[in-house]
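Engineer: Quick one: the structure is below, questions incoming.
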Amino acid sequence: MGERKGQNKYYPPDFDYKTHKSLSGYHGQHALRERARKLDQGILVIRFEMPYNIWCEGCNNHIGMGVRYNAEKSKIGSYYTTPIFKFRMKCHLCPNHIEIKTDPMNHDYVIICGARRKEQRWDPHENEQIVPEDKDNQKKLALDSMYKLEHASFDQSKSKSAVPRITQLLNHNASHKDDFALNQMARKIFRV
């Protein structure tokens with residue numbers, strides 16, 4: 001596929017590889033063009049996607065997760081050998097600037113200024129979600145046989161209490177298993 005796509009670049013007659021090194025050098029601009037206008041200051045313009053929901057402090061509007069911005073990326077430090085980057089972008093609704101930095105220690109992003117994080121945290125136990133065991137608990141399960149026995153009996157009692165709900169869900173799914181009959185029923189309703 002790649003051989004069919006010609007990467008033809010026009011080299012002007014006065015182009016000399018020894019003096020210009022590349023076509024970007026010949027034209028007198030960086031290969032990244034406008035994105036590299038502040039490269040001498042250590043700033044590169046990148047496309048940044050908002051990692052979580054935030055509230056802008058300038059206009060007090062909600063900015064959703066996934067909204068993309070042209071952000072100025074600069075290195076402000078390092079955590080061991082991992083670089084810490086700062087991203088500076090302008091809110092699309094007001095002239096306020098938002099600054100976010102990476103936090104490699106906690107695998108997260110931290111808002112420096114210009115916004116506040118919209119907190120949407122919940123307890124997975126309340127939502128009946130499966131919660132993975134933490135490291136200390138896993139280590140205790142591996143080393144302490146008495147704790148492992150207690151943990152197994154707790155798991156068995158929990159599974160016995162979930163049997164009626166699982167049976168109810170299986171019966172509900174079995175009643176909706178015939179796709180053809182459901183489709184036929186839906187068509188009858190829409191035709192009327």
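Engineer: Inspect the range 115-124 for any residue being within 30 Å of Asn70 (Cα to Cα) and among the aliphatic types (A, V, I, L, M) and give the result as yes or no.
Structural biologist: Within the range 115-124 (the criterion being within 30 Å of Asn70 (Cα to Cα) and among the aliphatic types (A, V, I, L, M)), the answer is yes, since at least one residue qualifies.
Engineer: Just to confirm my filter: which strands (runs of 3 or more DSSP E) fall fully inside the range 41-136 and include at least 3 residues that are in contact (Cβ under 8 Å) with a residue 60 or more places away in the chain?
Structural biologist: Counting at least 3 such residues, we get 115-117.
Engineer: Is at least one residue of the range 152-175 over 28 Å from Val67 (Cα atoms), more than 21 Å from the chain's Cα centre (by Cα) and in a loop (DSSP other than H, G, I, E, B)?
Structural biologist: no
Engineer: Output the number of the condition that Ser145 fails; it satisfies all remaining conditions of (1) closer than 26 Å to Ala36 by Cα; (2) modelled with pLDDT under 90.
Structural biologist: Unmet condition: (1).
Engineer: Test Leu93 against the stated conditions and say whether it is modelled with pLDDT under 90 and within 30 Å of His20 (Cβ to Cβ).
Structural biologist: It is false that Leu93 is modelled with pLDDT under 90 and within 30 Å of His20 (Cβ to Cβ).
Engineer: Kindly indicate whether Gly77 is assigned by TED's automatic domain parsing to the domain that holds Lys101 and over 18 Å from Thr102 (Cα atoms). Write out each step before concluding.
Structural biologist: Working: assigned by TED's automatic domain parsing to the domain that holds Lys101: yes; over 18 Å from Thr102 (Cα atoms): no.
It is false that Gly77 is assigned by TED's automatic domain parsing to the domain that holds Lys101 and over 18 Å from Thr102 (Cα atoms).
Engineer: Another question, if that's okay. Could you check the range 89-146 and list, in sequence order, the residues that are loosely packed, with under 14 Cβ neighbours inside 10 Å and of a type in the set (S, T, N, Q)?
Structural biologist: Result: Asn106, Gln120, Asn127, Gln129, Asn137, Gln138, Ser145.
Engineer: For the condition under 28 Å from His30 (Cβ atoms) and touching a Lys or Arg at 6+ places or on another chain (Cβ under 9 Å), what is the one hit in Glu57, Glu72? Spell out how you get there, then give the answer.
Structural biologist: Values: Glu57 fails: under 28 Å from His30 (Cβ atoms).
Only one candidate qualifies: Glu72.
Engineer: Going residue by residue through the range 23-40, is there one that turns out to be assigned by TED's automatic domain parsing to the domain that holds Cys113 and touching a helix residue (DSSP H, G or I) at 6+ places or on another chain (Cβ under 9 Å)?
Structural biologist: no
Engineer: How many residues, within the range 16-37, are free of Cβ contacts under 8 Å to residues at least 12 places away in the same chain and either in contact with an Asp or Glu (Cβ under 7 Å, 6 or more places away or on another chain) or assigned to a loop (DSSP other than H, G, I, E, B) (or both)? Give the derivation first.
Structural biologist: Kept after step one, since they are free of Cβ contacts under 8 Å to residues at least 12 places away in the same chain, are these residues of the range 16-37: 16-22, 24-25, 27-31, 33-37.
From what is left, the residues that are either in contact with an Asp or Glu (Cβ under 7 Å, 6 or more places away or on another chain) or assigned to a loop (DSSP other than H, G, I, E, B) (or both) are 16, 21-22, 28-31, 37.
Summing the residues that are free of Cβ contacts under 8 Å to residues at least 12 places away in the same chain and either in contact with an Asp or Glu (Cβ under 7 Å, 6 or more places away or on another chain) or assigned to a loop (DSSP other than H, G, I, E, B) (or both) in the range 16-37 gives 8.
The values are calculated or read from the model by the stated rules, or taken from the named source; none is laboratory data. These numbers come from a predicted model, not from an experiment. Quick reminder, even Gly has a Cβ in these numbers, built from the backbone with ideal geometry, and neighbours come from all protein chains shown.
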